[in-house]
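Each remark here refers to the structure printed beneath this line.
The values are calculated or read from the model by the stated rules, or taken from the named source; none is laboratory data. Computed from a predicted structure; not experimentally measured. Here the Cβ positions follow ideal geometry from the backbone for every residue, glycine too, while neighbour counts run over all protein chains shown.
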Amino acid sequence: MTRLFVAVDLPEEIRRELGSIQSFFRQSRARLTVVDPDIIHITLKFIGEVPDSTAQEIAGALDHVHGEPFAIRVTGISGNNPRHPRVIWAHAEDGDTCAALHSQIEDLLAPLGVTREDRAFRAHATVARVKEFHPDLLECMKDVRNRDFGSGMVQGFTLKKSTLTPKGPVYQNVKEVLF
């Protein structure tokens, strides 16, 4: 079995900027797990555990995704819930290109048994996960709520294998799809 997801890798400058704000969240009394800036990305589709043979089929299906290089800007910090966030993320502005890619990927992978997402897609980059909430986290988030983390060009996306370890996830690129 292989744990997979499809992601847009962000430019290094944006990941570095996102990493620089994690200290604001650490000032909170909330218990957090921050995401290693080297692996911050935008998830287009979380696939989950699949048999190795299905992983190969998924990799092949992704060759049929059509796209062109596009500009992306990462701005603002919020959470999945405004009053009691479990995930802290940065917003991605891309003219809905990631949403269009997500839709194509959903359509291509559904015949392979990959379950469609039932929530609306929102392009974002997770910077921290909240293990135990404390209200002062919301105050810490205010300092970076409207910050601009930069922009760059996206040339494609990557199918990634995720291995969970006690020190956090380890990602391995399985397939890169360039436009």
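Some notes on this structure:
- Within the span defined as the range 72-83, one or more residues are without any contact (Cβ under 8 Å) to a residue 60 or more places away in the chain and farther than 25 Å from ARG116 by Cβ.
- Pairs meeting the criteria (first residue in the range 121-135 and closer than 25 Å to VAL6 by Cα, second residue among the basic types (Lys, Arg), beta carbons under 8 Å, at least 6 apart or on different chains) are ARG129/ARG86; VAL130/ARG31; VAL130/ARG86; LYS131/ARG31.
- Count - residues of the range 100-120 that are surrounded by 18 or more Cβ atoms within 10 Å (Cβ to Cβ) and either in a loop (DSSP other than H, G, I, E, B) or aromatic (Phe, Trp, Tyr) (or both): 1
- Whether a residue is aliphatic (A, V, I, L, M) and farther than 26 Å from GLY152 by Cβ was assessed, and VAL114 passes this test.
- Residue match in the range 138-146 (condition: surrounded by 14 or more Cβ atoms within 10 Å (Cβ to Cβ), under 15 Å from the mean Cα position of the chain (by Cα) and under 28 Å from LEU32 (Cβ atoms)): no
- Residue count for the range 139-158, restricted to those that are assigned to a helix (DSSP H, G or I) and in contact (Cβ under 8 Å) with a residue 12 or more places away in the chain: 3
- Subset of the range 101-115 (residues that are aliphatic (A, V, I, L, M) and either touching a residue at least 12 places away in the same chain (Cβ under 8 Å) or touching a helix residue (DSSP H, G or I) at 6+ places or on another chain (Cβ under 6 Å) (or both)): LEU101, ILE105, LEU108, LEU109, LEU112, VAL114
- Some residue of the range 46-53 being in a loop (DSSP other than H, G, I, E, B) and either of a type in the set (Gly, Ala, Ser) or under 17 Å from VAL6 (Cβ atoms) (or both): no
- Considering residues of the range 27-53 that are surrounded by fewer than 19 Cβ atoms within 10 Å (Cβ to Cβ), touching a residue at least 24 places away in the same chain (Cβ under 8 Å) and charged (D, E, K, R) only, the residue nearest to ASP94 (Cα to Cα): ASP36
- Candidates in the range 54-91 are the residues that are in a helix (DSSP H, G or I) and touching a Leu at 6+ places or on another chain (Cβ under 7 Å); of these, the one that is surrounded by the most Cβ atoms within 10 Å (Cβ to Cβ) is ILE58.
- Output for the range 1-60, where each listed residue is hydroxyl-bearing (Ser, Thr, Tyr), out of contact with any His (no Cβ under 9 Å at 6 or more places or on another chain) and farther than 12 Å from VAL174 by Cβ: SER20, SER23, THR33, SER53, THR54
- Within the range 1-45, if we keep just the residues that are in a loop (DSSP other than H, G, I, E, B) and small (Gly, Ala, Ser), the residue that is modelled with the lowest pLDDT turns out to be SER28.
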